[in-house]
Amino acid sequence: MTHIRNAAPAARRSASPVRRRVAFGAVAAATLAASLAMPLSTAWAAQQDTAAASSGRAADSRKAALQRNLDDVVRKDGVVGAQAALVDGKHRVSVRSGTAELGTDKAVPHNGYFRMGSNTKTFVATVLLQLESEGRLRLSDTVDHWLPGLIEGNGNDGKRITVRQLLQHTSGLPDYAARLPGISDEKKFQKHRFDSYQPRDLVELALRDEPTFEPGKGWSYSNTGYVVAGMIIEKATGRTWSDEVRSRIIEPLGLKHTFAAGDERLGLPEPHAKSYMQFKAGGPLVESTEVNMTWGDAAGSLVTTSKDLTRFWQKLLGGQLLGPKQLKQMRTTVPIVVDGQDTGERAGLGVLWRPLSCGGGYWGHGGTTLGHLNANGFVGKGERGVIAMRSTNLAAEDRDVRTDKLVDDALCRRK
């Protein structure tokens, strides 16, 4: 439901600092001379017009760059359709590329519905941190404290795994996704695409395998951990994780186009682009718009739009969903190490941090499903961010390199 890369984007060369200072000095001198040659009010108005024009040109430039990068994703990766949105303060631009349906010229909707996949985990982690702030649970609580006997067998032990470890992928729980029958082969997908799963079914699939490592002794992405986290939410509140997400996040923020897809909704509301899955590199694109997403559960079953998801990230990082203590805990990270190699990325509680080629880094949590891939990133308190959605999930190992480059370029580009 998501994919961790082993390398950060290559650093971009910057203009000479001396050249930038000289250029700035020339502009400042010209502006001063012009202002002295006219009445103060006229000079002020002229400066405002100049600033507005400059801002407009910068916005146009950023939009053009976003469009070029999205076109690259579609053309060079073989994606059917894609859409991206960039927010900077109160300004928002949206671009699209490709088509909404293979073999047609139907445009991709600017704010169409899509399955967010593993970005669902950020919503679930937010709810658990809210519950912690209310004193209804602790991050140090063990799984067995809430769900006695759920995690046992093949060396897996819920008495030794904490809520924090579930949220940070340090539990060592094996990932059930590898054992799902319908996600790795086209024939099996067609046979199982409408299968329905209960959370315990998914946990039982995972427990057929031994732990990846001892709890707290490593890092490994595990969808199983978030299914268990969703079950803990239900045990602590008496309501399902999706009900709590709706009442605590979706409704307060007015996210009218975000919901959990269960057994009752197999397709997507209008408008949307059709989704396509490629099961092997170079293989055909299989239409996958209608599918039962109960296999994603609390690890990846939410549906949204780019506007809704943007608002969620802005409010989360802006401190409107969590208090300072809980937000700090969410953003306290551990290194993401894959195959013994430090990727340069870091994992918090339901959030990931990635370095930017221009320095610094951003928060986000992309996701993949059977036909959708989305990448996102936000800096600071969420005032600047980008979301990219692809309606095609490719089998290639480097399937998300250009999408990641789009996010990096959009956040680094100021002009």
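The values are calculated or read from the model by the stated rules, or taken from the named source; none is laboratory data. The shown structure was predicted, so the numbers you read here are calculated from the model rather than taken from an experiment. We place every Cβ from the backbone using ideal geometry, glycine too, and count neighbours over all the protein chains shown. Accessible surface areas use protein heavy atoms only, side chains included; no ligands, DNA or RNA. Shrake-Rupley method; radii C 1.70, N 1.55, O 1.52, S 1.80 Å.
Return yes when residue 396 is under 23 Å from residue 358 (Cα atoms) and outside any helix (DSSP H, G or I) and no when it is not. Even if it seems obvious, please write down each step before you answer.
Values: under 23 Å from residue 358 (Cα atoms): no; outside any helix (DSSP H, G or I): yes.
No.
Where helices (runs of 4 or more DSSP H) fall entirely within segment 120-215, those with at least 1 residues that are open to solvent by less than 20 Å² (accessible area, probe 1.4 Å) and either within 18 Å of residue 232 (Cα to Cα) or without any contact (Cβ under 8 Å) to a residue 40 or more places away in the chain (or both) are at 120-133, 143-146, 163-168, 199-206. Against the list (1) without any contact (Cβ under 8 Å) to a residue 40 or more places away in the chain; (2) closer than 26 Å to residue 312 by Cβ, the condition residue 237 fails is (1). Out of curiosity, is residue 266 part of a loop (DSSP other than H, G, I, E, B) and of a type in the set (A, V, I, L, M, F, W, C)? Here the answer is yes, as residue 266 does meet what is asked. Of everything in segment 202-254, what is aromatic (Phe, Trp, Tyr) and out of contact with any Ser or Thr (no Cβ under 8 Å at 6 or more places or on another chain)? Give them in sequence order. Matches in segment 202-254: 241 only. Looking at residue 351, is it open to solvent by 30 Å² or more (accessible area, probe 1.4 Å) and in contact (Cβ under 8 Å) with a residue 24 or more places away in the chain? Taking the combined requirement at face value, the residue does not satisfy it.
Scanning segment 354-382 for residues that are open to solvent by 20 Å² or more (accessible area, probe 1.4 Å), part of a strand (DSSP E or B) and touching a residue at least 60 places away in the same chain (Cβ under 8 Å) yields a total of 1. Which numbered condition in (1) more than 20 Å from the chain's Cα centre (by Cα); (2) surrounded by fewer than 21 Cβ atoms within 10 Å (Cβ to Cβ); (3) at pLDDT 95 or above is the only one that residue 233 fails? Result: residue 233 passes all but (2).
No other residue among 162, 122, 104 is over 20 Å from the mean Cα position of the chain (by Cα) and closer than 30 Å to residue 274 by Cβ apart from 104. A residue that is without any contact (Cβ under 8 Å) to a residue 60 or more places away in the chain, among the hydroxyl-bearing types (Ser, Thr, Tyr) and surrounded by fewer than 19 Cβ atoms within 10 Å (Cβ to Cβ) occurs somewhere in segment 240-253.
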